[in-house]
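See below for the structure under consideration.
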Amino acid sequence: MNEPIRYENLKDRIIEIRGQKVLLDSDVADIYGVETRDINKAVINNRDKFPAGYVVELLKPEKNELVENFHRFNKLKHSTVNPKAFPEKGLYMLATILKSPQAVQATLAVIETFTKIKQLSRNIRELSSIQDKDRQKSLLQEGGKLIEDVFGEDMETSGTETSIEINFAVVKFKHSVQKKKKRA
C-alpha cells in the first residue's frame, strides 16, 4: 500500500467484534506491508506485550459469521486458524514490534489519524458548551482543517457542497463545506 494511510482507507476494514472496533490481522498485515503470519508471530513471540484487550482471537462462530456476512473474508472459510483482531491499543503495541519502513509509516499515519479524530471530538464537546461566538468560529475552523487532514483534500463534492457526517458513538457531527465562486 503505497498511498498515505487515511481514514477512508481504513473505515471499510474496521469491524466490530465483542463491542470493540477492530482490524483483523490480515488487514493489519496489508496496511503494514507484511504477511499475516508475521503479525501472528509478533503476537506469539511477545505475549507479554498483548495482555487482555490488546488482541482478540476470534471464536469459530465469530469467524463463520464474518465469512457469511462479508465476501472479503471468504478466504477464512477453510482456514484452520481463527483470525486475530486488534483494537486501537493493540495496533499501537504491534507498531512497537514491526520495524519495516512501511510499518513505521503506517504506524505514524494511524497515530496521526486517531489523534486528529480525538481532537475533533474534543472540539465538538467544547462547541456544545461554549457561548463565545469567536471561540465557536475558531473551533469550527479548526474542525474543518482536522476533517480535511483526516479525509484528504480530494473530498468528493456534490454540486458546490461537501458534507461529511462522523458518528463518534455518542456525538454525531455533520460538517458542510461550500465552495464559493470567485468574483471576476
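The values are calculated or read from the model by the stated rules, or taken from the named source; none is laboratory data. The structure presented is a predicted model; accordingly, all values stated were derived computationally and were not measured. So basically every Cβ, Gly included, is an ideal-geometry build from the backbone, and we count neighbours across all protein chains shown.
Pick from Asn40, Asn46: which is surrounded by 15 or more Cβ atoms within 10 Å (Cβ to Cβ) and polar (S, T, N, Q)? Spell out the reasoning first.
Details: Asn46 fails: surrounded by 15 or more Cβ atoms within 10 Å (Cβ to Cβ).
Checking each option against the conditions leaves just Asn40.
Could you say whether any residue in the stretch 172-180 is modelled with pLDDT of 75 or more, of a type outside the set (S, T, N, Q) and either under 18 Å from Arg13 (Cβ atoms) or assigned to a loop (DSSP other than H, G, I, E, B) (or both)? Talk me through it step by step, then tell me what you get.
Initial filter on the stretch 172-180 (modelled with pLDDT of 75 or more): none.
Checking the stretch 172-180: not a single residue is modelled with pLDDT of 75 or more, of a type outside the set (S, T, N, Q) and either under 18 Å from Arg13 (Cβ atoms) or assigned to a loop (DSSP other than H, G, I, E, B) (or both).
Given Gly33, Gly90, which one is touching a Ser or Thr at 6+ places or on another chain (Cβ under 8 Å) and surrounded by 13 or more Cβ atoms within 10 Å (Cβ to Cβ)? Even if it seems obvious, please write down each step before you answer.
Numbers: Gly90 fails: touching a Ser or Thr at 6+ places or on another chain (Cβ under 8 Å).
Only one candidate qualifies: Gly33.
For residues in the stretch 40-77 being assigned to a loop (DSSP other than H, G, I, E, B) and aromatic (Phe, Trp, Tyr), which is modelled with the lowest pLDDT?
Per the stated criteria, the residue is Phe70.
Pairs, please: C-beta under 6 Å, at least 6 apart or cross-chain, first residue without any contact (Cβ under 8 Å) to a residue 12 or more places away in the chain and in the stretch 40-51, second part of a loop (DSSP other than H, G, I, E, B) and surrounded by 13 or more Cβ atoms within 10 Å (Cβ to Cβ)?
none
Which members of the stretch 85-114 meet the condition of being farther than 22 Å from Glu57 by Cβ and of a type in the set (A, V, I, L, M, F, W, C)? Reasoning before the result, please.
Filtering the stretch 85-114 down to residues farther than 22 Å from Glu57 by Cβ leaves 99-102, 104-109, 111-114.
Listed by number, the residues that qualify are Val104, Ala106, Leu108, Ala109, Ile111, Phe114.
Between a residue in the stretch 78-107 that is modelled with pLDDT under 90 and any residue that is charged (D, E, K, R), which pairs come within a Cβ distance under 6 Å, given they are 6 or more apart or on different chains?
Met93/Lys49
Out of all the residues in the stretch 87-128, which are in a helix (DSSP H, G or I), within 13 Å of Ile31 (Cα to Cα) and out of contact with any Lys or Arg (no Cβ under 9 Å at 6 or more places or on another chain)?
Quick first cut of the stretch 87-128, residues in a helix (DSSP H, G or I) only: 88-97, 101-127.
The next check asks that each one be within 13 Å of Ile31 (Cα to Cα); those that pass are 91, 94-95, 101-110.
Those that are in a helix (DSSP H, G or I), within 13 Å of Ile31 (Cα to Cα) and out of contact with any Lys or Arg (no Cβ under 9 Å at 6 or more places or on another chain): Leu91, Ala95, Pro101, Gln102, Ala103, Val104, Gln105, Ala106, Thr107, Leu108, Val110.
Within the stretch 129-157, track down each residue that is at pLDDT 75 or above and part of a loop (DSSP other than H, G, I, E, B).
Taking the stretch 129-157 as the starting set, the residues that turn out to be at pLDDT 75 or above are 129-145.
Within the stretch 129-157, Ser129, Ile130, Gln131, Asp132 meet the criteria.
May I ask you to verify whether Gln131 is exposed (fewer than 12 other Cβ atoms within 10 Å of the Cβ), farther than 15 Å from Leu23 by Cα and not aromatic (Phe, Trp, Tyr)? Show your work before the answer.
Details: exposed (fewer than 12 other Cβ atoms within 10 Å of the Cβ): yes; farther than 15 Å from Leu23 by Cα: yes; not aromatic (Phe, Trp, Tyr): yes.
Considered against the rule, which asks whether it is exposed (fewer than 12 other Cβ atoms within 10 Å of the Cβ), farther than 15 Å from Leu23 by Cα and not aromatic (Phe, Trp, Tyr), Gln131 comes out as yes.
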